[in-house]
Amino acid sequence: MLVKEFRVILPVTVEEYQVAQLYSVAEASKNETGGGEGVEVLKNEPFDNYPLLGNRFSSGQYTYKIYHLKSKVPGYIRILAPEGSLEVHEEAWNAYPYCRTIISNPGYMKKNFIVSIETLHAPDVGTLDNAHELTGEKLRIRDVVPIDISNDPVKTSDYKADEDPIKFKSEKTGRGPLIGPEWWKKCDPVMTCYKLVTCEFKWFGLQSRVERFIQDVERRLFTNFHRQVFCWTDRWHGMTMEDIRRLEDKTKAELDKEGTGEADDSVLPGGMDASRLRQGGQVTGGDIQGKELSV
């Protein structure tokens, strides 16, 4: 088991981030879908009486997705993995400002693979020592990893000039560009996403390597996603939650029609029929928030 807590500071309010995140997830889902791979949304509905973070939160929005990842994993995993095993299920409970995402592969790995992403959003600059109230072994092995969306390096293949916080200035809010080693000290508002990622991959000879790979993927996703969140400020600023729900419904319809419409039935976990899954409406998994794998 490998446990890392990523801390992402952003120049937005906690209230603004709720809209910003949901907007950006919907847009990213569309961008990641194509050629039979991407994101399939099966459920998006309210939940209640589901205790989270010591019962501090218990109601919100539940989503269930399938991520089609065949082209997004290292070659050595593609060689070893049987057909159908490279689909990841994601279940997410969004009780904002707290969210929990569980990623699994029930069709093949079952209980031997799980990624948990728990996020608390707070109006500070990453100063909470134990935001997720960890105890015992999990607290002892936790590794805290700050993410600087402006100064941390990104892969050349990920870089986009219009998603560079050093260059972006919001016309609507006047925020940005984010310049300097501690740009957040000059920002108001400011907040932090405390993202606790716990991954476990039980496969002899591969466990440590795959768990490190997953954590590296999460860091890359969190970095790129939150660069987009900030640089898309003028797209989401001023939107309401009602606007977001309409966007999510539209995105789901587009993904159902275009994203996985040509996928072979045998690719789905457990040999499930793809068309029947889409008719059912929603699927669960984990925070790949890995975009998600989950943001």
Residues whose placed amide H lies under 5 Å from that of Phe57, excluding near-sequence neighbours: Leu52
Approximate spin-label separation Phe204-Arg220, in nm, with each point projected 7 Å along Cα-to-Cβ: 3.0 nm
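With r as the distance between the Cβ atoms of Tyr159 and Arg212 and R0 = 25 Å, compute the FRET efficiency 1/(1 + (r/R0)^6) and round to 0.05.
Working: r = 24 Å, r/R0 = 0.94.
Efficiency for this residue pair is about 0.60.
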What are the ³J(HN,Hα) values, in whole Hz, obtained from phi via the Karplus relation 6.51 cos²θ - 1.76 cosθ + 1.60 with θ = phi - 60°, for each residue of segment 101-107 in sequence order, with x given for Gly and Pro? 10, 10, 10, 8, 9, x, x
Given contacts defined as C-alpha pairs under 8 Å and at least six residues apart, what's the relative contact order of segment 2-280, whole-number percent? 32 percent
If the chain between Asn130 and Ile166 were fully stretched, how many nm would it gain, using 0.36 nm times the residue separation less the Cα-Cα distance? 10.0 nm
Chymotrypsin sites (Phe, Trp or Tyr not before Pro) restricted to segment 168-248 and DSSP loop, no more than 10 other C-beta within 10 Å: Phe204
Rg and Dmax of segment 2-280, using alpha carbons, in Å: what are they? 18.8, 54
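Laboratory data are not the source of any read-out in this text; all were calculated from the coordinates shown. Values in this document were obtained by computation on a predicted structure and should not be read as measured data. Cβ sites come from the backbone with ideal geometry, for glycine too, and all protein chains shown count toward neighbours.
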